[in-house]
Each structure stands twice: as C-alpha cells, then as structure tokens.
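The values are calculated or read from the model by the stated rules, or taken from the named source; none is laboratory data. Values in this document were obtained by computation on a predicted structure and should not be read as measured data. Here the Cβ is made from the backbone with ideal geometry for all residues, glycine too, and neighbour counts use every protein chain on show. For accessibility, only protein heavy atoms count, side chains too; no ligands or nucleic acids. Shrake-Rupley method; radii C 1.70, N 1.55, O 1.52, S 1.80 Å.
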Amino acid sequence: MKYVDEYRNSDIAKKYIDEIWKITKGHWMIMEVCGGQTHTIIRFNIDEVLPKNITFIHGPGCPVCVTPIEIIDKAIAIASMKDVIFCSFGDMLRVPGSNKDLFAVREEGGDVRVVYSPIDALKIAINNPDKEVVFFGVGFETTAPANAMAIYQAKKMGVKNFSVLVSHVLVPPAIESILKSPNNRVNGFLAAGHVCTVMGYTEYEPIAKKYKVPIVVTGFEPLDILQGVLMVVKQLEEGRYEVENQYTRSVRREGNIYAQNIIKEVFEVVDRTWRGIGGISSSGLGIKKNYEEYDANKKFNLDHIQSSEPEECISGLVLQGVKKPYECKAFGTLCTPEHPLGAPMVSSEGACAAYYNYKLNKV
Ligand code: SF4
C-alpha cells in the first residue's frame, strides 16, 4: 500500500489546502472530467475542505454513463441470439437498456461472460469456432488501444467468428462541446490523467487558448486532485489559460505513440451520440473499412432497434455539470444502485453512484 499512501498523505494535503485558501479570490467552477476523479473528490470530502467559492462540476468522463442506450439495446439484442457468446467488462452488465440489462439476458439463458480484456474475448472465439463471439468495446481513448489490438490480432490470425460492438468516445470534442454550450459554467478543467497517458495533451492546447480556460492534466488520488485544483486556481487568479501537467508520473506531452498507432491502424474518427447529451461531431472512434468484418454493428445489422430513455432520469444534465445528482427527483428513491434508472447510478465512475455511496445522508 506504500505507493497509494504517498498520494494520500494528510500533511501534504493540508499544505495544498492551505495554499488554495490563501490564493483563492474569485469564484471558480472547476470541472473534473473523469468519473474516477469525481469519486475521489466525493469519497475524500475534497469539495468540503476547499473555499466555498470553488465549486466542482462533475464532467462526462464516465465511459459506462455516456454509452448511448441504442448501443446497450444492440448489445442486449446480440447477447440474446442463439450461438452467440457476448463478452463485456462487468460494469456494463447492469446498465439499463430500454427494457432490460445484460444480466437479465444472462438470467434468461444468454451466454454473457465477464472478461478482463478484449484479448480474453478473442481467446474465447479461438476456442469456440462454432459460436459467434462479440466483445462490447466501450470507453474513452484509454480502452481504445487494447480493443484495436484485439481486432488487429483477429485479422492477422484469420479469426472469423470474432467481432467488437464499438462505442468509443473522445474527450477533447466533449470538452469543446461543454465550452460552446450556452449553459457552460466551467472556468477550468482537471483533465483525465489516464486518457492523456495514451493521447498526450497537445489536443488540449488549442482548446485552452481558444476558450481562455486552464486545463490541468490530473491524476486520481486525493493529492493529485488537490494539486490539480491548486494549479487551476493559480492560473485563474493570474489570468493565465494554459495546459499544465500535474500527472507527470504517467503523462508525457506526446502521449504513448505505440498506443496511438494501433488506434490509428484500426479506428477512424466518427460522429458519436453520447447518452444523455446527444450527438457530438467527430467525438468517437469507429472501425475502419479495412477491418469492417470485425464490426459487430455491421455483422448483426441491428440499426432498426428503437430505444427510449426513462423520463425521470436527468443524467444528461448531470453529465454536463448543469445539475448535481441529488437534484434529480429519482435520486435515492426510484433510482438506487440496486435498481438504477440511469447509467450514472450503475457505474463505479458514475456521479450519481458517488453521491449515493458517500453523501446520501448529507444532501
Ligand atoms: S439519480 Fe438515477 S435517475 Fe437521476 S440522473 Fe442519476 S441515474 Fe438518472
């Protein structure tokens, strides 16, 4: 535990907190992009120890939360088919589709399996040549390299019974869409450290300049968040708008070139719909034509599926930082982790789950 403890040291935390109190003059709204950062902020009460004129706005960086309901419904339809083995990361199984979730499909006899990597799903395909094996490939730039590698390997090995239902989303277009919105309240961003580990942060530099907004690449432990906030507030108080890197132990400006190359080999930038937010142009990754035989969306041709969101769920407003989870009428009553109405209550990175687990008795 030593490695984690270093980033939870209370003496260092106090120094950061004191410094933030000393320099904060204006009222600043800071968006932490990643749901993992939201959980750290809420779990360690970071929002409560900082000056009242710093407000955290929770961002759209929860991959489970932003996967559109149409894709969940397609996953459910494919997983329900005979002779299909449907493989997914565990947290996608409880995300509600229009009528049910993947757990329900499993209870009804579907072969739905939890795997820890897309390569595991590829191995299942190799070992089950009489079945169609489909991997549910969701997430941000972080998960894209492994998914691309599985597709690349499948093609290289000539595996024909493997495909990926892809719903990748990209962070920079989402940040830009938030900044362009008439509802925007964000003064500065804590960018997601793991996304930048893959992609670097050159894509953020024109955004910081164009919208005059500081962006600090930040990690996920309490000291990371406090140092990230300090760096954002310093810039805001000094009238600077730059991209800075708090997460130097993992992130280089140019990112991981090998990971970027495999993404470029297999995927291309496409328009993507974000659950609760809507369409954002050039905000996703889709499988290139050269690899289309591994695209489950094309293989199973399910574009006719009609989806519908539960009316009570305001996850779109939560994901854009316009509302807090406890401002949703269903929070903690109709919607709980046991009976979620929306994905932000399901996911380990969802803002609604963070408030439910760590703050329910305080809001
Ligand atoms: S509390 Fe539940 S219903 Fe409300 S926004 Fe969150 S996920 Fe949706």
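All conditions but one from (1) without any contact (Cβ under 8 Å) to a residue 24 or more places away in the chain; (2) within 11 Å of the ligand (Cβ to nearest atom) apply to Val270; the one that does not is (2). Considering only the range 211-232, I want to know if a residue exists there that is touching a Pro at 6+ places or on another chain (Cβ under 9 Å) and either in a strand (DSSP E or B) or open to solvent by 10 Å² or more (accessible area, probe 1.4 Å) (or both). There is at least one residue in the range 211-232 that is touching a Pro at 6+ places or on another chain (Cβ under 9 Å) and either in a strand (DSSP E or B) or open to solvent by 10 Å² or more (accessible area, probe 1.4 Å) (or both).
Looking for something at pLDDT 95 or above, in contact with a helix residue (DSSP H, G or I) (Cβ under 8 Å, 6 or more places away or on another chain), surrounded by fewer than 23 Cβ atoms within 10 Å (Cβ to Cβ) and among the polar types (S, T, N, Q) - is there at least one such residue anywhere in the range 153-165? There is at least one residue in the range 153-165 that is at pLDDT 95 or above, in contact with a helix residue (DSSP H, G or I) (Cβ under 8 Å, 6 or more places away or on another chain), surrounded by fewer than 23 Cβ atoms within 10 Å (Cβ to Cβ) and among the polar types (S, T, N, Q).
Return yes when Thr202 is among the β-branched types (Val, Ile, Thr), surrounded by fewer than 23 Cβ atoms within 10 Å (Cβ to Cβ) and touching a residue at least 40 places away in the same chain (Cβ under 8 Å) and no when it is not. Against the criterion (among the β-branched types (Val, Ile, Thr), surrounded by fewer than 23 Cβ atoms within 10 Å (Cβ to Cβ) and touching a residue at least 40 places away in the same chain (Cβ under 8 Å)), Thr202 qualifies.
Here's the yes/no breakdown for (1) modelled with pLDDT of 95 or more; (2) part of a strand (DSSP E or B):
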position	(1), (2)
Val4	no, no
Tyr16	yes, no
Lys22	yes, no
Ile41	yes, no
Pro51	yes, no
Ile57	no, yes
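Any chance the range 349-358 includes a residue that's part of a loop (DSSP other than H, G, I, E, B), within 10 Å of the ligand (Cβ to nearest atom) and open to solvent by less than 40 Å² (accessible area, probe 1.4 Å)? Checked against the condition, which is being part of a loop (DSSP other than H, G, I, E, B), within 10 Å of the ligand (Cβ to nearest atom) and open to solvent by less than 40 Å² (accessible area, probe 1.4 Å), the range 349-358 yields at least one hit. Among the residues of the range 118-162, those identified as of a type in the set (Gly, Ala, Ser) and farther than 30 Å from Gly200 by Cβ are Ala125, Gly158.
Within the range 303-339, how many residues are part of a loop (DSSP other than H, G, I, E, B) and near the ligand (Cβ under 6 Å from one of its atoms)? Don't jump to the end; show me each part of the working.
Restricting attention to the range 303-339, the residues satisfying the condition of being part of a loop (DSSP other than H, G, I, E, B) are 303-314, 320-324, 328-330, 332-334, 336-339.
Among the residues that remain, those that are also near the ligand (Cβ under 6 Å from one of its atoms) are: 312-314, 328, 330.
Residues that pass the stated criteria total 5.
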